[in-house]
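A.B. asks: Here it is: the structure, laid out below.
The values are calculated or read from the model by the stated rules, or taken from the named source; none is laboratory data. Values in this document were obtained by computation on a predicted structure and should not be read as measured data. Here the Cβ positions follow ideal geometry from the backbone for every residue, glycine too, while neighbour counts run over all protein chains shown. What goes into the accessible areas is simple: the full protein's heavy atoms, side chains included, and nothing from ligands, DNA or RNA. Shrake-Rupley method; radii C 1.70, N 1.55, O 1.52, S 1.80 Å.
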Amino acid sequence: MNILIVADPIESFKIYKDTTFAMMRELQKRGHRVSSTEPRFMSWRSGQQVTAQARHLQLTGHADDWYTVTNEAREPVHTFDAVLMRKDPPFDSEFFYATHLLEQAEREGARVFNSPRALRDHPEKLALMEFAQFAPPTLVTRNGNALRAFHTEHRDIILKPLDGMGGTGIFRVGQDGLNLGAIVETLNQGGATSVMAQRYLPEIEAGDKRLLLIGGKVAPFVLARIPQGGEVRGNLAAGGKGVAQPLSDENREVAEAIAPKLAERGLLLVGLDMIGNSVTEINVTSPTCFQEIFDQTGFDVAAMFVDALESALG
């Protein structure tokens with residue numbers, strides 16, 4: 001198969017941990033042709049098809065100079081057997097526009113994973129609200145007074161922006177309410193910006209677990225991202241320590257209730273974040289942790305992913 005991957009500049013990849021690279025390596029191992037592009041290299045001219053400036057890649061197997069470009073050309077996106085949308089957050093206006101170009105490519109016959117419409121329909125903080133029975137008490141609002149009332153009710157809460165990534169902009173406000181007013185003002189900008197508040201989950205000390213849902217199934221290992229040095233955030237980008245663990249029966253029960261529903265909507269790969277047995281986020285844009293799990297357990301998540309991709313393509 002001929003696979004196009006839409007991603008950030010591949011020159012920026014840290015291949016020892018990059019999930020998109022792990023996908024590329026497994027695809028090439030199976031004899032599939034791998035090409036890359038970026039959202040900025042896609043275009044759509046009126047009356048014509050969506051095209052992309054695509055670089056056909058050959059992975060070298062070396063840590064340095066890890067790829068060579070065997071050919072580069074502008075091609076209709078729908079002529080590829082599959083398109084993997086792997087652009088990292090933030091989900092900004094340009095990401096939004098890229099999903100519309102990819103949705104047009106779908107109308108022309110492209111098979112895009114994750115589905116562009118599903119990417120738009122499942123913002124990563126808000127998506128969990130559909131599955132409230134598995135989530136901690138959560139409030140999304142612009143109203144500063146409502147956020148203060150939520151703190152009064154739950155006493156120990158987490159506040160975060162809806163468009164944050166990698167743990168940025170996350171605050172914990174304990175029972176003393178210290179700095180609550182300043183934090184609310186900073187996050188909601190005088191009522192201009194929506195904020196998510198969640199009851200604090202003390203199980204975070206054991207890690208913020210990343211579960212991987214692939215083709216409607218749950219990977220048998222998770223990556224627990226454990227806060228370090230007094231931090232409340234377990235995100236690897238915020239200094240959390242990643243420890244791979246077997247999937248618990250309790251977490252499996254929750255994940256298996258969610259996974260098939262998301263797969264039906266065109267979400268081939270989902271990163272489900274759980275603290276204890278509570279879902280805190282549903283990540284769909286560019287879920288990661290393949291290589292960390294493989295390095296620590298030997299379970300080949302990339303192989304599971306490509307199995308699901310090949311099955312989806314028939």
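A.B. asks: Checking the condition of a type in the set (A, V, I, L, M, F, W, C) and in contact with an Asp or Glu (Cβ under 6 Å, 6 or more places away or on another chain), which residue from VAL69, VAL112 passes?
C.D. replies: Being of a type in the set (A, V, I, L, M, F, W, C) and in contact with an Asp or Glu (Cβ under 6 Å, 6 or more places away or on another chain) holds for just one of VAL69, VAL112, which is VAL112.
A.B. asks: Which of the residues spanning segment 44-59 are open to solvent by less than 80 Å² (accessible area, probe 1.4 Å) and closer than 15 Å to LEU27 by Cβ?
C.D. replies: Step one: list which residues in segment 44-59 are open to solvent by less than 80 Å² (accessible area, probe 1.4 Å), which gives 50-57, 59.
ALA54, ARG55, HIS56, LEU57, LEU59, listed by residue number.
A.B. asks: Okay, next question. Condition first: small (Gly, Ala, Ser), closer than 22 Å to PRO136 by Cβ and open to solvent by 20 Å² or more (accessible area, probe 1.4 Å). Can you find one or more residues in segment 209-229 that meet it?
C.D. replies: Taking every residue of segment 209-229 in turn, none turns out to be small (Gly, Ala, Ser), closer than 22 Å to PRO136 by Cβ and open to solvent by 20 Å² or more (accessible area, probe 1.4 Å).
A.B. asks: Just a yes or no: is a residue in segment 247-261 in a strand (DSSP E or B) and either over 24 Å from PHE91 (Cβ atoms) or in contact with a Gly (Cβ under 6 Å, 6 or more places away or on another chain) (or both)?
C.D. replies: There is no residue in segment 247-261 that is in a strand (DSSP E or B) and either over 24 Å from PHE91 (Cβ atoms) or in contact with a Gly (Cβ under 6 Å, 6 or more places away or on another chain) (or both).
A.B. asks: To continue, here is another question. Of everything in segment 135-147, what is touching a residue at least 40 places away in the same chain (Cβ under 8 Å) and either touching a Leu at 6+ places or on another chain (Cβ under 8 Å) or among the hydroxyl-bearing types (Ser, Thr, Tyr) (or both)? Give them in sequence order. Full working, then the answer.
C.D. replies: Taking segment 135-147 as the starting set, the residues that turn out to be touching a residue at least 40 places away in the same chain (Cβ under 8 Å) are 135-144, 147.
The answer is ALA135, PRO136, THR138, LEU139, VAL140, THR141, LEU147.
A.B. asks: Restricting the first residue to segment 286-314 and requiring it to be on the phi > 0 side of the Ramachandran plot, which pairs with a second residue that is open to solvent by 10 Å² or more (accessible area, probe 1.4 Å) meet a Cβ separation below 8 Å and a spacing of at least six or different chains?
C.D. replies: CYS289/ARG210; CYS289/GLY242
A.B. asks: Now, a different point. In segment 262-283, how many residues are touching a residue at least 60 places away in the same chain (Cβ under 8 Å) and farther than 17 Å from ASP208 by Cα?
C.D. replies: Residues that pass the stated criteria total 6.
A.B. asks: Identify, from the list VAL195, VAL140, the residue that is at pLDDT 95 or above and under 19 Å from ARG233 (Cα atoms).
C.D. replies: VAL195
A.B. asks: In segment 148-174, which residues are acidic (Asp, Glu) and either free of Cβ contacts under 8 Å to residues at least 24 places away in the same chain or open to solvent by less than 20 Å² (accessible area, probe 1.4 Å) (or both)?
C.D. replies: The one that is acidic (Asp, Glu) and either free of Cβ contacts under 8 Å to residues at least 24 places away in the same chain or open to solvent by less than 20 Å² (accessible area, probe 1.4 Å) (or both): GLU153.
A.B. asks: Please find, among GLY276, GLY271, the residue that is open to solvent by 10 Å² or more (accessible area, probe 1.4 Å) and modelled with pLDDT of 95 or more.
C.D. replies: GLY276
A.B. asks: Looking at segment 145-176, which of its residues are at pLDDT below 95 and among the small types (Gly, Ala, Ser)?
C.D. replies: Across segment 145-176, the qualifying residues are GLY164, GLY166, GLY167, GLY169.
A.B. asks: Going through segment 236-262 one residue at a time, which ones are buried (at least 20 other Cβ atoms within 10 Å of the Cβ) and either among the acidic types (Asp, Glu) or closer than 21 Å to ALA135 by Cα (or both)?
C.D. replies: ASN251, VAL254, ALA255, ILE258, ALA259, LEU262
A.B. asks: Can you tell me which residue within segment 93-130, out of those that are among the basic types (Lys, Arg) and assigned to a loop (DSSP other than H, G, I, E, B), is nearest to the chain's Cα centre (by Cα)? So that I can check it myself, show each step before the final result.
C.D. replies: Within segment 93-130, the subset among the basic types (Lys, Arg) is 107, 111, 117, 120, 125.
So of that shortlist, the ones also assigned to a loop (DSSP other than H, G, I, E, B) come out as 111, 125.
Working: ARG111: 19, LYS125: 11 Å.
Filtering first and then ranking leaves LYS125.
A.B. asks: Please enumerate the residues belonging to segment 5-33 that are surrounded by fewer than 17 Cβ atoms within 10 Å (Cβ to Cβ), under 16 Å from LYS87 (Cβ atoms) and small (Gly, Ala, Ser).
C.D. replies: Once the filter is applied, which keeps residues that are surrounded by fewer than 17 Cβ atoms within 10 Å (Cβ to Cβ), under 16 Å from LYS87 (Cβ atoms) and small (Gly, Ala, Ser), segment 5-33 yields only SER12.
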